Structure formats: structure tokens, C-alpha cells
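The values are calculated or read from the model by the stated rules, or taken from the named source; none is laboratory data. Quick caveat, the model's predicted, so the values are computed rather than measured. Cβ placement follows ideal geometry from the backbone for every residue including glycine, while neighbour counts extend to all protein chains displayed. Surface areas here come from the heavy atoms of the whole protein model, side chains and all, with no ligands, DNA or RNA. Shrake-Rupley method; radii C 1.70, N 1.55, O 1.52, S 1.80 Å.
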Amino acid sequence: MDFMQTVVEFLLIYLPPMVANGSPVVISKIIKTHPIDMGKSWKDGRRILGEGKSIEGAIGGILAGWITASIIGYAYGALQTLSITGLVSSFGAMCGDIIKSFFKRRLGFERGKMLPIADQLDFYLGATLAIYLCRNCVRPGIEVFILGLLLIPFLHIFTNKIAYKLKLKNVPW
Ligand code: CTP
Ligand code: MG
């Protein structure tokens, strides 16, 4: 498989969860959000997930990823498979982000504080795992997954800098 084909496959499969991952920060600026953990704390006295993980952000992210996948799927002539894949991967991306925040809080990291690698790859690993657990999804080849592992940290830094400049985020990460 040549490189361009790998890049195309990467975009077809991973653009939707990337959109899902980026949407909550925008949504939280537009509507009033409610924390998934309902403000509750864990046994260690810290928040279960924290104020940064909202119901509206998670649901909105999944919907945004699903819509993106449906548009890509329609344009590519594989609406059904790519739309299902995008819905599943976006769900996985949001779960990965939420699970990461749970462990971040347990490690004592405040909401929004950077935890390198985990902050960048949470949604990617969540999306990949979800796709692999889904029987009807289009699964990425190993070379596609590795390309993403190498690309995502850079894309993350880049998109977060833009979000910071647009005043969507208070910190440039
Ligand atoms: N966000 C949201 N709901 C989600 C995920 C994110 O509302 N399920 C919004 C929050 O406003 C959050 C912002 O998007 O602050 C950025 O997301 P992220 O970087 O994932 O959250 P952090 O604030 O960094 O929190 P954490 O330390 O738990 O990762
Ligand atoms: Mg963050």
C-alpha cells in the first residue's frame, strides 16, 4: 500500500473522531454545560472527572463526528459503513477522553493541567479500540494506525494553538 493511500485511509477513518474530540471546547463556549460527574467527588476527595467533562460536550462531540463521517461517507460513496464507523469511533474518542480525565484526577492533575501523551492520544486510542470492537466498522490497517500515532501529537499542538488564538481555550494545549 502506498503512502498516499495510507493518508487517505487515515483521513476517512480518523477525521470524524478528530472532529468529535475538538467539538466539546466549541460547544462549551456556545451553550451552558453540565458536568458528567454532576459535581461529585471520588473517595480521594477530588472530582470524579472534573468540570471539563460535560454531558453536552460528549454528546455534541459524538454527533459532530457522526455528521462528519456521514458527509465523508456520502462523498466517498460508502455512506453506510463510514457513517457507522464514524459514530462508533466518535463514541470511543469521547470515552477515551473521559477515562483519561478520570485517571488524571486520581493522579492529582487539576482540570486543564497538561498530562503529556495521554492528553494527545486519549481520543485516538479510544476511537481505535471502539472501531476494533465493532464488527461492521471499517478498520484501519496497522500502517494507518502508526501514521496517526506519529501525526496526532503534532496536529494536537497545532489545533490547540489555533483554539487558544481564537480564545476557545484558556491555555495553548
Ligand atoms: N469539554 C466538554 N465536555 C467534554 C470534553 C471537553 O465540555 N466531554 C470542554 C470543556 O470546556 C473543556 C474543554 O472542552 O475544558 C477542553 O477539553 P479537554 O482539554 O479535554 O478538557 P480539560 O479542561 O483539559 O480537562 P481535563 O484535565 O480533564 O482533560
Ligand atoms: Mg485539556
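Go over the candidates MET18, MET4 one by one and state the one that is hydrophobic (A, V, I, L, M, F, W, C) and open to solvent by less than 60 Å² (accessible area, probe 1.4 Å).
MET18
Working carefully through the options ARG111, ARG135, ARG106, find the one that is closer than 26 Å to ILE84 by Cα and open to solvent by 40 Å² or more (accessible area, probe 1.4 Å).
ARG135
ASP37 passes all but one of (1) in a helix (DSSP H, G or I); (2) buried (at least 17 other Cβ atoms within 10 Å of the Cβ); (3) of a type outside the set (A, V, I, L, M); (4) more than 9 Å from ligand 1 (Cβ to nearest atom); which number fails?
Here ASP37 clears every test but (1).
Report every pair of residues separated by at least 6 positions or lying on different chains whose Cβ atoms are under 8 Å apart, first residue within the range 145-173 and over 16 Å from SER28 (Cα atoms), second of a type in the set (Asp, Glu) and within 16 Å of ligand 2 (Cβ to nearest atom).
HIS156/ASP119; TRP173/ASP119
Output the residues belonging to the range 40-60 that are open to solvent by less than 40 Å² (accessible area, probe 1.4 Å) and aromatic (Phe, Trp, Tyr).
Correct list: empty.
Give the number of residues within the range 158-173 that are over 14 Å from the mean Cα position of the chain (by Cα) and β-branched (Val, Ile, Thr).
Count: 2.
Filter the range 121-132 down to residues that are surrounded by 21 or more Cβ atoms within 10 Å (Cβ to Cβ) and within 13 Å of ligand 2 (Cβ to nearest atom) and give me whichever is farthest from SER23 (Cα to Cα).
So the residue we want is ASP122.
Which of the residues spanning the range 73-95 are crowded, with 20+ Cβ neighbours inside 10 Å and among the hydroxyl-bearing types (Ser, Thr, Tyr)?
Scanning the range 73-95 gives SER83, THR85, SER89, SER90.
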